[in-house]
Amino acid sequence: MSQMPRFGVVRFPGSNCDQDAYHVIKDLLQCDVNYLWHAEPDLKRSDIVVIPGGFSYGDYLRCGAVARFAPVMDEVRRHAERGGIVLGICNGFQILCEAHMLPGALVRNSNCKFICRTVQVRVESSDTPFTSHYAKDFVASIPIAHGEGCYVADADVLAELESRQRVIFRYTSTSKVDSDGNPNGSLNNIAGICNEGRNVLGMMPHPERACSTLLGSADGLILFKSLSMALHAAK
């Protein structure tokens, strides 16, 4: 019998999307899932670690800057170095960048306003554990909710991300990638990137909030279904 992966959802003071992610994993995917407390360096044998959105430690200093030093993050880094899967959503993406698990940074939106609405994101690559159930170039409707979601990086980092196909999600308007579809000013319309090993993903849109047509879209559920099959694909 195939083994379903065990998930862990990190909880920081200020996390506010942890329960959404937990609900999707436990109730919709019917996978094992545990909460992982920020102060405890224990991943509870998780195969897949989710760092959810919110305002970890109140976003003091800057988003994710304090969370990167949490005891649990040492174990998250080791998990990723061993090839374990890590998904960072919104504040989780900011934390992964601050922890240098992903390159670049998330800075203030170009309009200097908090943005909360559904956007269109194009799947740029389907050869990751996060996107294996998407068709390449699929355009997903997924909500965003952030004030510091503008992705920036040096020119050489951007070139590396593009040449190595590490841009996994890109903001778009219908089928075109242009400024009209870019909600926050992110360079190259980047909405999500992965690491070199393709086992760590950071994304600003919230797939856990797009897992039911009752919420307006079930496009995010495809990402979690991809993850639920990730261990089978690895074998």
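The values are calculated or read from the model by the stated rules, or taken from the named source; none is laboratory data. What you see is a predicted model, and the numbers here were worked out from it, not measured in a lab. Heads up, the Cβs are rebuilt from the backbone with ideal geometry, glycines too, and the neighbour counts pull from every protein chain shown.
Listed residues Y22, Y60, Y35; which is touching a residue at least 12 places away in the same chain (Cβ under 8 Å) and out of contact with any Asp or Glu (no Cβ under 8 Å at 6 or more places or on another chain)? Outline the logic, then answer.
Numbers: Y60 fails: touching a residue at least 12 places away in the same chain (Cβ under 8 Å); Y35 fails: out of contact with any Asp or Glu (no Cβ under 8 Å at 6 or more places or on another chain).
None of the other options fit; the residue is Y22.
Filter region 48-67 down to the residues that are over 17 Å from the mean Cα position of the chain (by Cα) and part of a helix (DSSP H, G or I) and list them by number.
Selection gives Y57, G58, D59.
Do we find a residue being farther than 30 Å from Y60 by Cα and not in a helix (DSSP H, G or I) anywhere in region 144-163?
At the first step, the residues of region 144-163 found to be farther than 30 Å from Y60 by Cα are 159-160, 162-163.
Cutting the leftovers down to not in a helix (DSSP H, G or I) gives us none.
No, because not a single residue in region 144-163 is farther than 30 Å from Y60 by Cα and not in a helix (DSSP H, G or I).
Given the criterion loosely packed, with under 15 Cβ neighbours inside 10 Å, touching a Leu at 6+ places or on another chain (Cβ under 9 Å) and of a type outside the set (F, W, Y), identify the matching residue among S179, S163, S212, S186.
Details: S179 fails: touching a Leu at 6+ places or on another chain (Cβ under 9 Å); S163 fails: touching a Leu at 6+ places or on another chain (Cβ under 9 Å); S186 fails: loosely packed, with under 15 Cβ neighbours inside 10 Å.
Being loosely packed, with under 15 Cβ neighbours inside 10 Å, touching a Leu at 6+ places or on another chain (Cβ under 9 Å) and of a type outside the set (F, W, Y) holds for just one of S179, S163, S212, S186, which is S212.
Taking the condition under 19 Å from L201 (Cβ atoms) and either hydrophobic (A, V, I, L, M, F, W, C) or without any contact (Cβ under 8 Å) to a residue 60 or more places away in the chain (or both), does D137 pass?
Values: under 19 Å from L201 (Cβ atoms): yes; either hydrophobic (A, V, I, L, M, F, W, C) or without any contact (Cβ under 8 Å) to a residue 60 or more places away in the chain (or both): yes.
Answer is yes for this residue.
Tell me yes or no: at least one residue of region 164-184 is in a loop (DSSP other than H, G, I, E, B), in contact with a Pro (Cβ under 9 Å, 6 or more places away or on another chain) and modelled with pLDDT under 95.
Checked against the condition, which is being in a loop (DSSP other than H, G, I, E, B), in contact with a Pro (Cβ under 9 Å, 6 or more places away or on another chain) and modelled with pLDDT under 95, region 164-184 yields no hits at all.
Would you be able to say whether some residue in region 29-46 is aromatic (F, W, Y) and part of a helix (DSSP H, G or I)? Outline the logic, then answer.
From region 29-46, those aromatic (F, W, Y) are 35, 37; that's our starting set.
When the remaining residues are screened for being part of a helix (DSSP H, G or I), the result is none.
Taking every residue of region 29-46 in turn, none turns out to be aromatic (F, W, Y) and part of a helix (DSSP H, G or I).
Of the residues I95, I115, which single one is β-branched (V, I, T) and closer than 23 Å to F7 by Cα?
The match here is I95.
Kindly provide the set of residues from region 68-110 that are over 16 Å from the mean Cα position of the chain (by Cα) and within 23 Å of A210 (Cβ to Cβ), ordered by number.
Residue satisfying the conditions is N109 alone.
For the subset of region 32-47 comprising residues that are aliphatic (A, V, I, L, M) and under 14 Å from P71 (Cα atoms), which member is farthest from the chain's Cα centre (by Cα)?
Ranking the candidates gives A39 first.
Those residues that are of a type outside the set (S, T, N, Q), in a helix (DSSP H, G or I) and surrounded by fewer than 16 Cβ atoms within 10 Å (Cβ to Cβ), I need them from region 1-22; list them, please.
Just the residues of region 1-22 that are of a type outside the set (S, T, N, Q), to begin with: 1, 4-14, 17-18, 20-22.
Checking the rest, the ones that are also in a helix (DSSP H, G or I) come to 18, 20-22.
None; the set is empty.
Report yes if some residue within region 119-139 is of a type in the set (G, A, S), in contact with a strand residue (DSSP E or B) (Cβ under 8 Å, 6 or more places away or on another chain) and under 27 Å from L29 (Cα atoms); otherwise report no. Let's see the steps before the verdict.
Just the residues of region 119-139 that are of a type in the set (G, A, S), to begin with: 125-126, 132, 135.
With in contact with a strand residue (DSSP E or B) (Cβ under 8 Å, 6 or more places away or on another chain) added as a condition, the list becomes 125, 135.
Keeping just the survivors that are under 27 Å from L29 (Cα atoms) gives 125, 135.
Yes, some residue in region 119-139 is of a type in the set (G, A, S), in contact with a strand residue (DSSP E or B) (Cβ under 8 Å, 6 or more places away or on another chain) and under 27 Å from L29 (Cα atoms).
Got a number for residues in region 192-218 being hydrophobic (A, V, I, L, M, F, W, C), out of contact with any Ser or Thr (no Cβ under 7 Å at 6 or more places or on another chain), more than 14 Å from L96 (Cβ to Cβ) and at pLDDT 95 or above?
Counting residues in region 192-218 that are hydrophobic (A, V, I, L, M, F, W, C), out of contact with any Ser or Thr (no Cβ under 7 Å at 6 or more places or on another chain), more than 14 Å from L96 (Cβ to Cβ) and at pLDDT 95 or above gives 1.
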